[in-house]
1. Do the conditions hold for SER302, that is, is it among the hydroxyl-bearing types (Ser, Thr, Tyr) and closer than 15 Å to VAL616 by Cα?
2. Looking at region 19-29 only, could you name the residues that are of a type in the set (S, T, N, Q), outside any loop (DSSP other than H, G, I, E, B) and out of contact with any Lys or Arg (no Cβ under 7 Å at 6 or more places or on another chain)?
3. For region 465-496, which residues satisfy the criterion of being among the hydrophobic types (A, V, I, L, M, F, W, C), in contact with a helix residue (DSSP H, G or I) (Cβ under 8 Å, 6 or more places away or on another chain), touching a residue at least 24 places away in the same chain (Cβ under 8 Å) and more than 19 Å from GLU528 (Cβ to Cβ)?
4. Among the residues of region 509-520, is there at least one that is within 30 Å of LYS599 (Cα to Cα), among the polar types (S, T, N, Q) and out of contact with any helix residue (DSSP H, G or I) (no Cβ under 6 Å at 6 or more places or on another chain)?
5. Between a residue in region 497-511 that is in contact (Cβ under 8 Å) with a residue 40 or more places away in the chain and any residue that is open to solvent by less than 60 Å² (accessible area, probe 1.4 Å) and outside any helix (DSSP H, G or I), which pairs come within a Cβ distance under 7 Å, given they are 6 or more apart or on different chains?
6. Residues that are modelled with pLDDT of 80 or more and open to solvent by 50 Å² or more (accessible area, probe 1.4 Å): find the helices (runs of 4 or more DSSP H) completely inside region 490-570 holding 3 or more of those.
7. Which pairs turn up if I take residues in region 599-617 that are assigned to a helix (DSSP H, G or I) and look for partners that are aromatic (Phe, Trp, Tyr) with beta carbon separation below 6 Å, at least 6 apart in sequence or on another chain?
8. So, in region 30-58, of the ones that are of a type in the set (S, T, N, Q) and not in a helix (DSSP H, G or I), which residue ends up most open to solvent (accessible area, probe 1.4 Å)?
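The values are calculated or read from the model by the stated rules, or taken from the named source; none is laboratory data. Small disclaimer: the values here were computed from a predicted structure and weren't measured. Cβ atoms come from the backbone with ideal geometry, glycine included; neighbour counts cover every protein chain shown. Ligands, DNA and RNA are excluded from the accessible area calculation, which covers all protein heavy atoms including side chains. Shrake-Rupley method; radii C 1.70, N 1.55, O 1.52, S 1.80 Å.
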Amino acid sequence: MKKIVLRPASVSPSGKSYRIDYASVLNAQQYEAVMHSNGPALVLAGAGTGKTRTLTYRVARLVEDGVDPASILLLTFTRKAAAEMLRRASQLLDGRCEKVSGGTFHAFAFRVLKTYGLSSSEQRVASSEQQVVYSIIDQSDAEDIMNMVRSKFDLAARRKRFPNKGTLHDMYSKSINMSTPLEDLIAEQYPQFIDDTDTIRQMAHAYTDYKHKNSLFDYDDLLLYLLAMTRHDTTGPALRSQFRHVMVDEYQDTNNLQHQIVLGLSGAHGNVMVVGDDAQSIYSFRGANVRNIHTVPSSFASCAIIRLEENYRSTQPILDLCNAVLEEAPFMFEKKLRAHRGGGDLPMLITARSERQQSQFIAQHVLELREQGISLADIAVLVRSGFLSFDLEIELQRSNIPFRKFGGLKFAEAAHVKDVLARLRITENPRDVVSWFRVLQQLEGVGQKTAQTIIDNLQMHADPLAEPERTYGATGKGVQALQNLLHDLAKARRVRHPLERLQLIAEVYRATLERVHDDAPKRWKDIETIVGIGGRYGSCQEFLDDIALEPPTDGLDTIDPDDRETEFMTISTIHSAKGLEWKVVFVLSVNEGRLPSAKSADSEESLEEERRLLYVACTRAKDVLILTFPDIMAEWQHSDVLSRPSRFLDTVTNEICPRYFLAEEQSDSQELLP
């Protein structure tokens, strides 16, 4: 028997009927959120539960109730999201909704600054009569200024790498947005530069002084000044009086500074509605703090909590798995997703013997789905980190399955991977000019002009690696650097087995990697993966040929959406997939040590964010969800290790997600065994 849900009719508190029949177009929970009028509210919007729809209808309802549209503030994380909500609200009602103030935190801050101006007082806030001329700089400009400041410090005498302009600005910006002392941030996120903390702090002060002296304001300044205005004796009350209803989207993604701004705009008793899902908080690396959404009920007096739990995206079997993943998550708001539609197949956990068999299974299954009439555009493979799909990318190319990768470079396009491949190519073909040019410019004491001179001289010799003691036109420090390179490559060439040769090349390249890239530890994982993949080939040339043949280089603008022969499937990191959906989703390498990643074991907070990553990945699937993992993980510096499924699947029973094992590796098919 169908359950009957009683809801109040769509009438305003004054008894006036609405033009929109809210009760009939919204479910009970959405209706409760839309009709909430006075006082603070936290809307816990589970994945696929109609968050955007709810915010849109609430804007329309407030306007219908006679609220001045200009007194409604809608803060989002992208300008596109705000514009889309207000466009939908205008379509529902009329043009009045276009007068609602909507946009990102930074855009709103800029509008406020233009209205109220700035002063040189301690609070740096003034009335409109004390305007000053100032300019807003974007991130690129900010990094250039940081680089100019950096150049004034004597770094040449240092014997180790110092952070580049982008890393320095990232440190400075995160410190502000996370309300974290710079030294603590460096110790936690950039420990390789902890000995340089004092110098970095001096550069941050010099950067700030330069901006103030030249009336320049970066994105972080916008938020700092907006926060100061909310706390100012004059502008604070003025802002709270102007914006009587504040709504904030994706609240789980706010940082500490943004959270304080919302408190300042609304006050403890204000009409603020924040919408978000703590289970989808996965951006701590950008400064987001999941505790912000957790503290909302205690931050606002008499805060209502409304849960959106009816999911319009996925089938119930998929949602049962998603709910089970969160079952043992601590400090989470309780909610259970339930499907709006019926039916659906159980998700599957597929155990492969190796990463290669895992890739072969996915490629084969994608081909089968394609023959069943499912468009490649409706299929996605999600990974914790970009390097985890490297092996799959080779298999998809071999199977002639077009794909696009988001949230990480294709392995053959990553600069550090290309560096290793260039060295490998030279050992196979010492007259490969393109590879030489790339490698030579990474040597200390060798610039572009010298590199060309060396190449001209190299071409005069049949086998440059046979005479590693020659200088080939190098000068100064470049002589020793070149000779070391020639000796290393000659030594590597004598090693015939691809795995051993790649290991040797990678170890020698490590010093260059650490000198050139601030995030060398992260990039090193990509190098390990490439070495492992190449080690499975019979020869180095076979490996290089596989990578070079038919590389996926088409741009998105070359795809005709109406041409089924040019459609493509998606490979994406989970971070880049948030907010998207597909009919069929594969979650790749759901291993302990991969998801959660090994480095997340340092803290409970990191581990719980990894759990949320798996949850976000699974909630992207509409009809089919397949989790895969290799039983044996290749570790090229050590022996291969036995693996196990992610600890986050311990609460997922076989009744919710049955487990299958692939039969022994075959060339033509992959048979599933229960």
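1. no
2. SER24
3. Selection gives LEU465, ALA466, ALA474, LEU482, LEU485, LEU489, ALA490.
4. yes
5. As it stands, the answer is PRO498/GLY535; PRO498/TYR537; PRO498/SER539; LEU499/GLY535; LEU499/TRP636; ARG501/VAL495; LEU502/GLY535; GLN503/TRP636, since those pairs meet every condition given.
6. Filter on region 490-570 gives 498-516, 520-534.
7. ARG611/PHE648; LEU614/PHE648
8. Step by step, filter region 30-58, then rank; the result is ASN38.
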